[in-house]
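Every read-out reported here was derived from the displayed coordinates using simple, explicitly stated rules and does not represent laboratory data. Predicted model, so just to flag it, every value in this text is computed and none were measured. So basically every Cβ, Gly included, is an ideal-geometry build from the backbone, and we count neighbours across all protein chains shown.
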Amino acid sequence: MNLQNQMQLPAALEALHELRGDAVVVTTMGAAREWVKLTPCDLDWVYVPSSMGQAPSLGLGIALAQPDRSVVVCNGDGCMLMNLGSLVTISAVAPENFILVIIDNGVYEVTGGQDTVGSGARRADGRAVRLADVARACGFTSVHEFDLLEDWQNQLPGILESKGPTFVVLQVEPMQGDVTPRSPGPAAERVVRFMAAIQGDPGA
C-alpha cells in the first residue's frame with residue numbers, strides 16, 4: 001500500500017479512545033506518546049518509562065485480576081518481537097476480557113527508526129513477518145488485521161464487545177519528528193490513582 005494512504009497512528013488511537021468505555025487501556029512506546037495527547041482517564045496506564053516488550057504481560061495480569069473489566073493493550077511491533085513468548089501464555093489462560101492491539105509500522109520508531117527484524121527490509125526473502133499469523137500459531141482464534149482507518153473504525157465496536165483473547169494488528173505509517181514518549185506524571189502518584197480506578201465497579 002502507498003504510505004500516503006496508510007493508517008495514521010493518532011487517528012487509530014482516537015477511534016479506540018472514543019469507544020473504550022470503562023476498559024483499562026495500557027499503552028507503551030509510540031502508542032503511549034500519542035495516547036497522552038487525548039483526554040486522560042484514571043483507567044489509563046501509560047507505560048512510560050517501560051520495559052520494552054512487557055506491556056502484554058502487564059495487561060494480562062490486570063485482565064486476570066479484573067475479569068469483569070475489559071483490558072486493552074496497545075503494543076508496538078518491535079515490542080511484540082521482544083516478547084513473543086507472552087502470546088503463548090495469553091492464549092493458554094485465555095482471558096475473555098483481553099485485547100492486544102499491535103501498532104505495526106515496521107520500525108523501532110522510538111529508538112531511531114531502524115527497521116525491525118520482522119520487516120521485509122531486514123529479511124533475506126524480503127517478506128515481512130505477519131504477526132497475525134504468529135498469533136494464530138500461538139493459539140489465538142480471534143485475530144484481526146487492518147490497514148485502513150475506516151475498516152478499523154467500523155469493526156472496532158464489535159471487537160470491543162467480543163470474547164477474547166483478541167489479537168489486532170494495525171498497519172500504520174511511522175511517525176516523524178519528536179517521537180520520544182514522555183511520562184504523564186510521577187509513577188507513584190499514577191499507581192495510586194490507577195489502583196483506585198480499577199477497583200471501582202465497571203460500568204458504574
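Observations on the structure shown:
- Long-range neighbours under 6 Å by Cβ, at least six apart or interchain, first residue on the phi > 0 side of the Ramachandran plot and touching a residue at least 24 places away in the same chain (Cβ under 8 Å) within the stretch 123-146, second crowded, with 16+ Cβ neighbours inside 10 Å and part of a helix (DSSP H, G or I): Gly139/Ser91
Conditions (1) farther than 27 Å from Pro202 by Cα; (2) within 13 Å of the chain's Cα centre (by Cα), marked per residue:
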site: Leu9; (1), (2): yes, yes
site: Ala12; (1), (2): no, yes
site: Thr27; (1), (2): no, yes
site: Gly30; (1), (2): yes, yes
site: Leu38; (1), (2): no, no
site: Gln54; (1), (2): no, yes
site: Val72; (1), (2): no, yes
site: Val88; (1), (2): yes, no
site: Ser91; (1), (2): no, no
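- If you go through the stretch 55-74 and keep only what is in contact (Cβ under 8 Å) with a residue 40 or more places away in the chain and not small (Gly, Ala, Ser), you end up with Pro56, Ile62, Gln66, Asp68, Arg69, Val71, Val72, Val73, Cys74.
- Residues located in the stretch 154-188, provided they are at negative phi and surrounded by fewer than 10 Cβ atoms within 10 Å (Cβ to Cβ): Gly158, Gln176, Asp178, Pro186, Ala188
- The residues of the stretch 21-51 that are out of contact with any strand residue (DSSP E or B) (no Cβ under 6 Å at 6 or more places or on another chain) and farther than 20 Å from Val172 by Cα, listed by number, are Gly21, Asp22, Thr39, Pro40, Cys41, Asp42, Val48, Pro49, Ser51.
- For the stretch 124-181, the candidate set comprises residues that are touching a strand residue (DSSP E or B) at 6+ places or on another chain (Cβ under 6 Å), among the charged types (D, E, K, R) and outside any loop (DSSP other than H, G, I, E, B); within that set, the residue that is nearest to Ala15 (Cα to Cα) is Glu145.
- Top-ranked residue in the stretch 81-118 [being part of a loop (DSSP other than H, G, I, E, B) and free of Cβ contacts under 8 Å to residues at least 40 places away in the same chain; ranked as farthest from Gly139 (Cα to Cα)]: Gly112
- The condition (being surrounded by 20 or more Cβ atoms within 10 Å (Cβ to Cβ) and in contact (Cβ under 8 Å) with a residue 40 or more places away in the chain) is satisfied by just one residue among Val36, Val25: Val25.
- Reported count of residues in the stretch 62-80, each being farther than 15 Å from Thr28 by Cα and not in a helix (DSSP H, G or I), is 5.
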